[in-house]
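Participant: This is the structure I have questions about; it appears just below.
Please treat every number below as a calculation from the coordinates, not as lab data. None of the values given here were measured: they were computed from a predicted structure. Cβ coordinates were reconstructed from backbone atoms using ideal geometry, including for glycine residues, and neighbour counts include every protein chain displayed.
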Amino acid sequence: MPGVAAARSPIPHLSLVPAPAAGRPRMARRRPRVSLAGSPYRPGELPSALQITLADETAQEASRRARALQIPVELSIRAHVDAARAATWVVRATGWERPAIHDMLRREAHALDSAPTTGVDLLDYTRLVRQGEAASVTRAPSGRPLELLLPADLALAWRSDAAARGEALAEWVTSMLDLAPNDAPNWEAAAASRGLRLAEWAYACALERIAVSSTSPQSRT
């Protein structure tokens, strides 16, 4: 370093570089900004491609929802399908009506609007899913394959659920989209803000509600 003598080291051929002078500006490390454009999945995931071909009407409706939310149609489909899956499992586990489950999860998602996350990247992702990112909007092609990017275990779960109902994957996805509420991506954001998959978050919300109900004075009367 010009103008600064290196300190002598007791080890031959090794010089000790002096510490930067006080007040000397440091180069800030730039972290890449999270964007849904080109990466319609959660940060840190290693997704694999899952191809589905949607009927014209379903593709148009999926594109309309994504456009209204200003998120990629691939992410919108994932959020809506996972929301419908989660609600279905909560219905089976609790016997509650689906509209009541939707209301509960909608309230829980709203309560987490400003909740911090465990990772900065997930915080950025949560914000973008909630607020939208106009540059990331895509549409589902009609009559042509659409490539969804899902973690391998989630793709397997979708295929298993479709097989359990005796439906082809595209047919099952369509039925899940029909069941899902329009604000399902907010559920995905709320789940991400807790580092959970959407289904895990929905189950946790249901369990918390059961626990609260069982300890309330009214439940003991």
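Participant: I need the shape label for region 47-208. Rule: rounded when a/c is under 1.5, else prolate if a/b > b/c, else oblate, with a, b, c from the alpha carbon gyration tensor.
Facilitator: It comes out oblate by the Cα gyration axes.
Participant: Once a ≥ b ≥ c are taken as the square roots of the eigenvalues of the Cα gyration tensor of region 113-211, is the result rounded (a/c under 1.5), prolate (a/b larger than b/c) or oblate (a/b not larger than b/c)?
Facilitator: Oblate is the answer for region 113-211, as a/c is 1.5 or above yet b/c matches or exceeds a/b.
Participant: Measure off 7 Å from each Cα along the Cα-to-Cβ vector at E171 and S214, then give the distance between these two points in nanometres to one decimal.
Facilitator: 3.9
Participant: Let me ask something else. Work out from phi, with θ = phi - 60° and the Karplus expression 6.51 cos²θ - 1.76 cosθ + 1.60, the ³J(HN,Hα) of each residue of region 57-68, listed in order in whole Hz, and give x for Gly and Pro.
Facilitator: So the Karplus estimates, Gly and Pro as x, are 4, 5, 4, 5, 5, 4, 5, 4, 4, 5, 5, 5 Hz.
Participant: Return the FRET efficiency for the residue pair E57, L207: r is the Cβ-Cβ distance, R0 is 41 Å, and the value is rounded to the nearest 0.05.
Facilitator: After rounding, the FRET efficiency stands at 0.65.
Participant: Collect residues whose amide H, placed 1.01 Å from N in the peptide plane, falls under 5 Å from the amide H of S48; neighbours closer than 5 in sequence don't count.
Facilitator: Here L150, A152 satisfy the definition.
Participant: Please give the FRET efficiency for D121 paired with R67, using the beta carbon to beta carbon distance and R0 = 30 Å, rounded to the nearest 0.05.
Facilitator: Here the calculated transfer efficiency is 0.75.
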